[in-house]
Amino acid sequence: MADKLPLAYEHVLEPANLRDLNEPLIDHAEGQLFLTQAFNIIVEEVLCKGTDVKQKVCHESLRSWLSLRLAETTFFFFISGHPRFFNQQFAGVDYHALAGRFLTETLNTNLFTYEVAPVFVLMEMEVLRGLRQLVGWTEGDGIFCPGGSTSNIYAMNLARYQLFPEVKSQGLYGLPRLAIFSSPESHYSVKKGAALLGIGTDNVIMVKVDDGESKLCSLSVCFFQGAVPFLVSCTSGTTVQGAFDPLDRIADVCDKHKLWMHVDAAWGGSVLFSKQHRHLMKGADRANSVAWNPHKMLVAGLQCSALLLKDTTNLLKRCHSANATYLFQQDKFYDVNLDIGDKSVQCSRKVDCLKLWLMWKAVGSSGLAERVDKAFVHVRYLVEQMKKRDGFHLLREPEFVNVCFWFIPPSLRGKEGNADYQDRLAKVAPTIKERMMKQGTMMVGYQPLGNKVNFFRVIVFSPLVSQKDLDFFLNEIERLGDDL
């Protein structure tokens, strides 16, 4: 039956040419019409159902309430659908995916048994199969999770269960001290998972991935101290700087020491669609598991997070199953392997595959590749323009679509040697952010990192972004910060 739901994950084609940078990839007009009509139906046919007078009073009251809220909180509507939302790793809107989200909420089913969600069970299997093929696996397993953090924690739990299956029934009693290896810029969910699973945050060992000898030395120290390394968590697309770990080199270490290799590609996984940029994840096929969030760069809409596994031994179900007989009866009239709920630690699970399936079918792999490629083109343009202006100082040349920079106001230029320079520079980004939020002109994030004081991190990937939005961004940073 699954073969009746083919996906457009055909061979990824390189777009003949990228569209003009002055034009967004997605036409907002049709989508806005769709949203307007849907909103009117909700307001008039659902919330305000009744007599004409009652409908009018309700409609006007709701309209007034919304207008008041908008006037009071302008900046809150610089959320992901706006082309000048550069704040987080979710941005833009795809109206095919949005239609899927409407349908998912309307149908309100639970993705745990085939009998209550037959089409969506098959659809999830097909979508996961398509994503695995992009990683380079012809077979395997997987599941949609409520966010990339959960996917990472699942991978930890699976890696531990594979090494010590008795942990499921006996708990931590009798297990040796376990250790996880990751990089200093890995997602915080690695430490959260270690805390949640009883491994302990002190046993998450941060190793600079560009130093192979350091990693091997750390492994030796671990064994010497009696700890048992069991997982290496790599990152493809770090949250702040968008860096990619060298997966092939890490895989060599994991193969040698028989360690589970997990790739957190929640942010960077979508480069696999692009023939031009998929080299950033070279070696991903050697991993045991990959976390990938299509709700980020592919704009599938929150939430859409997949955990992909190379495993073909039903490890996911063996690790998490509880065999609830009121759900997972073994004498059903259909193949009970289609009851996928026991693969998850959840019982209730939303349908997150439909929005991705619809979008993928609508634009194809080549359309998704075009989104990835154009994001890189936009980043190159933005960086080139920054270098032409005074006051913009890059932390590093971007590897991905994260551009990290300081804005140096005129009052601080040439004063890098002053004792209070770093303290004053640290206040620039928060002040500019406050001004842009209160004026409602755009949204961009900032943060410190290690010994580096607050800097901006602009995320450029929304298919709604055009060159004029990037020009506006630079002009607005200057306008808001020149008097500081």
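Express in Å², to the nearest 10, the accessible area of residue 109 obtained by rolling a 1.4 Å probe over the protein heavy atoms while all chains stay in place.
That residue has around 40 Å² of solvent-accessible surface.
Which ³J(HN,Hα) values in Hz, rounded to whole numbers, follow from the phi angles of segment 102-113 under the Karplus curve 6.51 cos²θ - 1.76 cosθ + 1.60, where θ = phi - 60° and Gly and Pro get x?
Calculated HN-Hα couplings, in order: 4, 5, 4, 5, 5, 6, 6, 10, 10, 8, 10, 10 Hz.
Enumerate the calculated ³J(HN,Hα) couplings along segment 390-396 in order (Karplus 6.51 cos²θ - 1.76 cosθ + 1.60, θ = phi - 60°), each rounded to whole Hz, writing x wherever the residue is Gly or Pro.
Each residue's phi maps through the Karplus curve to give 6, x, 9, 10, 6, 5, 6 Hz.
What are the equivalent ellipsoid semi-axes of segment 113-172, built from the alpha-carbon gyration tensor (square roots of five times its eigenvalues), in whole angstrom, biggest first?
Semi-axis lengths for segment 113-172 are 25, 16, 12 Å.
Over the residues of segment 303-371, compute the C-alpha Rg and express it relative to 2.2 N^0.38 Å.
Scaled against compact globular proteins, the figure is 1.43.
How many nm separate the modelled label positions at residue 380 and residue 472, each set 7 Å beyond the Cα in the direction of the Cβ?
With each label placed 7 Å out from Cα toward Cβ, I get 2.5 nm.
Need one number: nm distance between label points at residue 326 and residue 438, each 7 Å from Cα along Cα→Cβ, rounded to one decimal.
5.5
Near residue 275, which lysines are there with a Cα under 29 Å away, not counting those fewer than 8 places off in the same chain?
Reachable lysines: 4, 208, 296, 310, 355, 361, 374, 387, 468.
Kirkwood-based Rg over Rh for segment 264-421 (C-alpha set), two decimals?
Result: Rg/Rh = 1.16.
Along the charge dipole of segment 340-484, which of 444, 462, 365 sits closest to the positive end, that is, farthest toward it, with unit charges on the beta carbon of Lys, Arg, Asp and Glu (+1, +1, -1, -1)?
Ranked along the dipole, the leading option is 365.
In whole Hz, what ³J(HN,Hα) sequence does segment 150-157 give by Karplus (6.51, -1.76, 1.60; θ = phi - 60°), x for Gly and Pro?
5, 4, 5, 5, 4, 4, 4, 5
Leaving out ligands and nucleic acids, note down the accessible area per residue over segment 319-367 with a 1.4 angstrom probe, in whole Å².
Here the per-residue accessible area is 47 Å².
Given the convex hull of the Cα atoms of segment 376-484, what is a quarter of its surface area in nm²?
6.8
Report the far tail of the P(r) of segment 142-183, meaning the percent of Cα-Cα pairs longer than 13 Å.
Of the Cα pairs, 62 percent sit more than 13 Å apart.
Where the centre of each part is set by its Cα atoms, how far does segment 317-362 sit from segment 190-206, in angstrom?
Cα centroid to Cα centroid, the span is 28 Å.
The values are calculated or read from the model by the stated rules, or taken from the named source; none is laboratory data. Please read all numbers here as calculations on a predicted model, not as lab measurements. Quick reminder, even Gly has a Cβ in these numbers, built from the backbone with ideal geometry, and neighbours come from all protein chains shown. For the accessible areas, the whole protein counts, side chains as well, though only heavy atoms, and no ligand, DNA or RNA atoms are used. Shrake-Rupley method; radii C 1.70, N 1.55, O 1.52, S 1.80 Å.
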